[in-house]
Amino acid sequence: MFGTLGNSFRLLGVSWSILKSDRELIFFPLLAAGALFFVFSYTTVAFWAGGTLDRIGPDYHFVLADFIFLALAYFMASFVIVYFSAALAAAAYQRLEGFHPDLSTGLMAANDRLGAIAGWSAITASVVLALNELSNSRSLIGRVFGFALRMLWSYSTFFVVPVLVIESASPLDALSRSTELFRQQWGKTLVANFGFGLAYGFVVALALGPAALLYFGLGSTFMAITVGAMLLTLGIATVKALETIFMVTLYDYAATGRIAIGFSDTMVREAYVSKQDRGRFRRDEVERPASYRRAA
């Protein structure tokens, strides 16, 4: 636990130094948040107009139109997430290559891969829907099986987005390549040796603090919600940018053996460790000492 905590702080620190050099990277998650809000609003109106909201309840009875609306909502949300993740990954990769990317750099890269992004979004939405059904199963076996599949899907798809946009792969080829890179570099029986979830929890607490003070101190519900929502959006966008920077760093390490300046060989090699060797540094693995030039 403490090893994971320490590694997480180190990774956050290095990723933060890169983000400070190119603050434009934070705009990608912010744009994604805005687009997701639009999708959520559109979906809510569509569900209300179609009567879906009236049919939601303990004894809900969905009709075919409800399932179509739900599938479209999942697809649109998935497309927004994948699109802006691809744009951010492309810009972060440019930064690690020694360039100074701007907002248009990432967006153009994502626009060039719209077909692949749409295809992967459809696959992701379908799998997420199926996994959610399994996870919500009344059967204990179904829930356990759903959890195991969710973990397997998470590891297998870890590098899909950078592979899509950097290697210009098709969705299925990107899935195969992502799985190959992950297993080749870190093996199969793994646990993560870092946790960006800690950072997400921190920003939630940071946003709730001022919101609570405004609510209890001034009695202003509107101010509390507004300030809390703004701080939460900014905080989550920042952590998402940091997480993507590190994900692209791991991708490039797995694909080429290079390590971005600021990150250490130990840091990336121990990002995932085998369960029995958690907390150890396995020096019997292949050494890959290389680094990028840092942009001036």
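What follows draws every value from the coordinates through simple rules; no lab data is involved. This structure is a prediction, so every number in the text was calculated from the model and none was measured. Neighbour counts run over all protein chains shown; Cβ positions are idealised from the backbone, glycine included.
Structure notes:
- Across the range 241-255, coupling constants 3J(HN,Hα) worked out from phi with the 6.51/-1.76/1.60 Karplus curve, θ = phi - 60°, read 5, 4, 5, 5, 4, 5, 4, 5, 4, 5, 4, 5, 5, 5, 7 Hz, and Gly and Pro carry x.
- A simple spin-label model places the labels of F67 and M223 5.1 nm from each other, with each point 7 Å out along Cα-to-Cβ.
- Count Lys and Arg as plus one, Asp and Glu as minus one, and take only other residues whose Cβ is under 15 Å from that of I117; the net charge is then -2.
- Distance in nm between pseudo-label sites at L213 and L114 (7 Å out along the Cβ direction from Cα): 4.6 nm
- Each of the peptides 121-128, 197-204 was scored by the mean count of other Cβ atoms within 10 Å over its residues; in descending order, highest first, they stand as 121-128, 197-204.
- Note on I259, I141: ascending count of other Cβ atoms within 10 Å places them as I141, I259, the fewest first.
- Under 5 Å, built H, 5+ apart or other chain: amide partners of I259: A290, S291, Y292
- Per-residue ³J(HN,Hα) for the range 202-214, Karplus 6.51 cos²θ - 1.76 cosθ + 1.60, θ = phi - 60°, Hz, x for Gly and Pro: 5, 5, 5, 5, 5, 6, 6, x, x, 4, 5, 4, 5
- The simple Förster model, with R0 at 35 Å and r as the Cβ-Cβ distance, assigns L36 and E180 a FRET efficiency of 0.70.
- In a DSSP loop and with at most 14 other Cβ atoms within 10 Å, the trypsin sites (Lys or Arg not before Pro) in the range 97-191 are R138, K188.
- Counting every other Cβ atom within 10 Å of each residue's Cβ, S170, S15 order from fewest to most as S170, S15.
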